[in-house]
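Trainee: Here it is: the structure, laid out below.
Bear in mind that the values in this text are calculations on the coordinates, not laboratory data. Remember, it's a predicted structure, so these values are computed and weren't measured experimentally. Positions of Cβ are backbone-derived with ideal geometry, glycine not excepted, and every protein chain shown enters the neighbour counts.
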């Protein structure tokens, strides 16, 4: 059975059981702060399980795309581990429970494929199950109703058959329950293919004094969460010994081999092959896994970067590229696999075909950045390992540990993810100083996180009970003020309260209806007042929490109580300013796509009062002329005075109408489409009635924010006018200062800049002259002539007064270019501090190391350490009086 058929057969089967088929959630749920990536099928139903939403259905079935990195080191090495995978699931929200979950699972697995409803026809004799050791209810169903033999059922402890694992003993508090797993016999042993989780408890506190389960309290509504690994089940049905050999993965593995110019020979079918060939097979499988994960993520606009989910994608890409590099392929290649991923996955995810060009370009750019430093990075790692082996052999270091400083240097200098470095260290038998690395990162203010589990999956929600019975109706598209808004909840210091009775108290007020727009989609929340109170409640911002809108602000009156009727009035001036920026954002997106092409897709935005920030896809800076055209196009659309038309329609109608949708966004069944002239986008924000109300649009910055992502910052309305006016005044003042017409300022400044650069060039060519005395003494040629020859080495050791440290570095480079077998040690004293800079020509750097000398002499001037390379090093101290001793010690170094 092909993988696509299995996916469809599963979903159709559970539809016959009354489950509502729902589409896969996005891979990166940006609205969920607890995870970086969707880890399981139940993730999109968290609020359903917790009763936080009104249930439109009580049972569902999905095939969810997931990404986990907890077992990344096993990917490609074992038969079943992946980063990206698909999870088949069926779920109950207080509907069916254990009996149905077990019966339906067994029916689907064992029912013959020709039967009505379509099962898999697996031989029951090849299936076995496990249950939690205290779950006699599930065991009884398996024995008495399913008829499974006793020798094919195992009772396991909470670490294996409870969700979350070991929850009764270790926590966390919250929803949990026992589970029952189904295994299929394979030649290498039982393979878990399905996990049935019976969410029936709320854990509160610890076990009883003798280990009793007194902390497990029955839930009023019992739920079901099941998960079957699509790839694992497909491997069983297709009779292959690894997930990587199923019909949707093996072609990708073999395509990777073709691109790299080698043959894929899995070790399972080539016994006795040499170890390098077996390692190549594992590397090819890992490449296939990682590129598939990255294609799906980049498709959803998660680009490689240094933080959180972006860092995970960078790590996966660089690991896969390193695999190719270590198989002898010294060029970029991962981007060439993108079309194959889209082709293999087009049946369930046809949208991948729409973005292959963009995705491939993003991946290729990341490859190019890494490969530029890969040779030197690997050389550096080899030197680190060699030095560690020498220390271990000499007995100077009992345990070989890669230092935090080396880990950080590899990351900062060569872009080497520490996880890759750790893998290589482990292969060489070295430990890894993660704590030292983290301290280095903190010291440099550069924290990267690739942890795919950000926090508790089910977080405590103070408004949970309110959400079950209430929601806030937003009416702010049409009105500025609501005269009869009822208070339905008040939160102070994280707690629900009945009233606020002290002026100056900060609180969150929830109303049954409101004109206040809650922050969403990049648009800031509204500000305003509840103005029937004296002196009232000042709203500083507005947030969204599920179906509720929270008005965050300060109570300035004597009392606000739950049940009070308020007049909720937004700040119209602020709303209009935000709307000007938001409507302009749509026009900017349109203008960028018109000027750059359809690849210029929105990556994010921030819309505030008359200022906007817009991130978009583009792999190079937008040149000044194109920016000018984009700015002119937006202002042209403003002058056209197009109506801003908003319409609610189904997601399919919106797609057919040509409305722009952002990949990776989660849209409801019905969406709001905003059209301004030829611009048409899905948007839930507030807008103007006409583009002419924007007034003026002015770009103030264009910059890079990530690999392949640019950012434009712009102003609208009076802020744009004030900026233009200020710039005009500056030009007029420059014209007066230069005594030329205003239209000649640019040419004059360019001419002056050219003159300054020429003078700077001439100054550098002198090697950094003294401010006083004989200028020839500090030219490169002059210093070389005065060098002492000691042991065949030309030694230049002296203080350079009135010279900047950066100029000394340039002077060292100039001397190295003009002389061989030369070693330099210069001192620069400024503001009571002394800098030492040492350099060696490359022909002697292996024998006489600048780092060694610097570390030897630095303590003489009251300094510590010093660092650099064999051909250049630098340190500092405070005692300039000791410089004669420093230079004397330098002479001994060569004597």
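Trainee: Determine, for each peptide in 54-61, 483-490, the mean count of other beta carbons within 10 angstrom over its residues, then list the peptides with the highest first.
Mentor: Numbers: 54-61: 15.8, 483-490: 18.5.
Descending mean neighbour count gives 483-490, 54-61.
Trainee: Cβ neighbours within 10 Å, averaged per peptide: list 814-820, 673-679 in order, most packed at the top. Before the final figure, lay out the partial values.
Mentor: Numbers: 814-820: 16.3, 673-679: 19.3.
By packing density, highest mean first, the sequence is 673-679, 814-820.
Trainee: After finding the eigenvalues of the alpha carbon gyration tensor for segment 3-238, what semi-axes result from the square roots of 5 times each, listed largest first in whole Å? Write out the running numbers ahead of the final one.
Mentor: Numbers: eigenvalues 129, 98, 76 Å².
Rounded to whole Å, the semi-axes are 25, 22, 19.
Trainee: Can you tell me how segment 464-570 classifies by the Cα gyration tensor, rounded, prolate or oblate, using a/c under 1.5 as the rounded cut? Before the final figure, lay out each step's value.
Mentor: Working: a/c = 1.42, a/b = 1.17, b/c = 1.22.
In terms of gyration-tensor shape, rounded.
Trainee: Let me ask something else about it. By how many degrees, 0 to 90 and rounded to 10, does the Cα axis of helix 3-15 deviate from the longest principal axis of the chain?
Mentor: Approximately 40 degrees, to the nearest 10.
Trainee: Taking every DSSP beta bridge that has both residues in the chain, what percent is antiparallel when rounded to the nearest 5? The partial results should precede the final answer.
Mentor: Details: 127 of 145 bridges.
For the chain, the DSSP antiparallel bridge percentage is about 90.
Trainee: Hey, another quick one. Sort 217, 582, 81 so the one with the fewest other Cβ atoms within 10 Å of its own Cβ comes first.
Mentor: Numbers: 217 13, 582 26, 81 19.
Ranking 217, 582, 81 by Cβ neighbours within 10 Å, fewest first, gives 217, 81, 582.
Trainee: In addition: How would segment 277-356 be classified by its alpha-carbon gyration tensor: rounded, prolate or oblate, with rounded meaning a/c under 1.5 and the a/b versus b/c comparison settling the rest?
Mentor: Values: a/c = 2.15, a/b = 1.32, b/c = 1.63.
Here segment 277-356 falls in the oblate category.
Trainee: Okay, moving on. Sorting check: for 735-746, 858-869, which peptide has the highest mean count of neighbouring beta carbons within 10 Å, and how do the rest follow? Mind dumping the intermediate values first?
Mentor: Values: 735-746: 11.7, 858-869: 16.4.
Top of the packing list down: 858-869, 735-746.
Trainee: What whole-number volume per residue, in cubic angstrom, does the convex hull of the C-alpha atoms of segment 147-302 give?
Mentor: Details: hull volume 31.7 nm³, N = 156.
It is 203 Å³ per residue.
Trainee: A further question follows. Scale the Cα Rg of segment 323-377 by the rule-of-thumb value 2.2 N^0.38 Å and send over the ratio, two decimals. Walk me through the numbers on the way to the answer.
Mentor: Working: Rg = 13.4 Å, N = 55, 2.2 N^0.38 = 10.1 Å.
Against the empirical 2.2 N^0.38 Å value, I get 1.32 for segment 323-377.
Trainee: What is the Cα centroid distance between segment 280-330 and segment 543-570, reported in whole angstrom?
Mentor: First find each Cα centre; the distance between them is then 48 Å.
Trainee: When N counts the residues of segment 766-894, how does its alpha-carbon radius of gyration compare numerically with 2.2 N^0.38 Å, as a ratio?
Mentor: Numbers: Rg = 13.3 Å, N = 129, 2.2 N^0.38 = 13.9 Å.
After normalising by residue count via 2.2 N^0.38 Å, the value is 0.95.
Trainee: Can you give me the C-alpha center-to-center distance between segment 105-166 and segment 345-411, rounded to a whole angstrom?
Mentor: 43
Trainee: If you rank 583, 542, 834, 365 by fewest surrounding Cβ atoms within 10 Å, what's the result? Before the final figure, lay out the partial values.
Mentor: Values: 583 31, 542 27, 834 23, 365 18.
Ascending number of Cβ neighbours within 10 Å: 365, 834, 542, 583.
Trainee: Sticking with this one: When a footprinting reagent is the concern and you count Cβ atoms within 10 Å, what order do 512, 670, 610 take, fewest first? Numbers along the way, then the final one.
Mentor: Working: 512 18, 670 11, 610 25.
Fewest-to-most Cβ neighbours within 10 Å comes out as 670, 512, 610.
Trainee: Using only the Cα atoms of segment 249-443, build the gyration tensor, take square roots of its eigenvalues as a ≥ b ≥ c, and label the shape rounded, prolate or oblate: rounded if a/c is under 1.5, else prolate if a/b is larger than b/c, else oblate.
Mentor: Numbers: a/c = 2.50, a/b = 1.47, b/c = 1.71.
The shape class here is oblate.
Trainee: If all Cα-Cα distances of segment 1-81 are sorted into 10 Å bins from 0 onward, what percent lands in each bin, rounded to whole numbers?
Mentor: 16, 37, 35, 12, 1
Trainee: While we're looking at this one, here's another question. With 10 Å bins from zero, work out the P(r) of the chain over every alpha carbon pair and list the percent per bin.
Mentor: Cα pair-distance distribution for the chain, in percent: 2, 9, 15, 18, 19, 16, 11, 7, 2, 0, 0.
Trainee: Could you work out the pair-distance distribution P(r) of segment 849-895 from its alpha-carbon pairs, with 5 angstrom bin width and percents rounded to whole numbers?
Mentor: The percentages, shortest bin first, are 5, 25, 31, 27, 11, 1.
Trainee: Do me a favour and compute the ellipsoid semi-axes for segment 509-573 from its Cα gyration tensor, root of five times each eigenvalue, largest one first, whole Å.
Mentor: Working: eigenvalues 76, 35, 17 Å².
Those come to 19, 13, 9 Å.
Trainee: Just need the Rg to Rh number for segment 359-444, please, alpha carbons only, Kirkwood Rh. It would help to have the intermediate numbers written out before the result.
Mentor: On the way: Rg = 14.3 Å, Rh = 13.8 Å.
Rg/Rh: 1.04.
Trainee: Right, another one. Determine, at each q value in 0.20, 0.23 (inverse angstroms), the log₁₀ of I(q)/I(0) that the Debye formula gives when each Cα of segment 514-628 is one equal point scatterer.
Mentor: -1.04, -1.23
Trainee: Same structure again: Can you give the direction-averaged projected area of the convex hull of the alpha-carbon atoms in segment 1-139, in nm²? The partial results should precede the final answer.
Mentor: Details: hull surface 42.1 nm².
Here the figure is 10.5 nm², rounded to one decimal.
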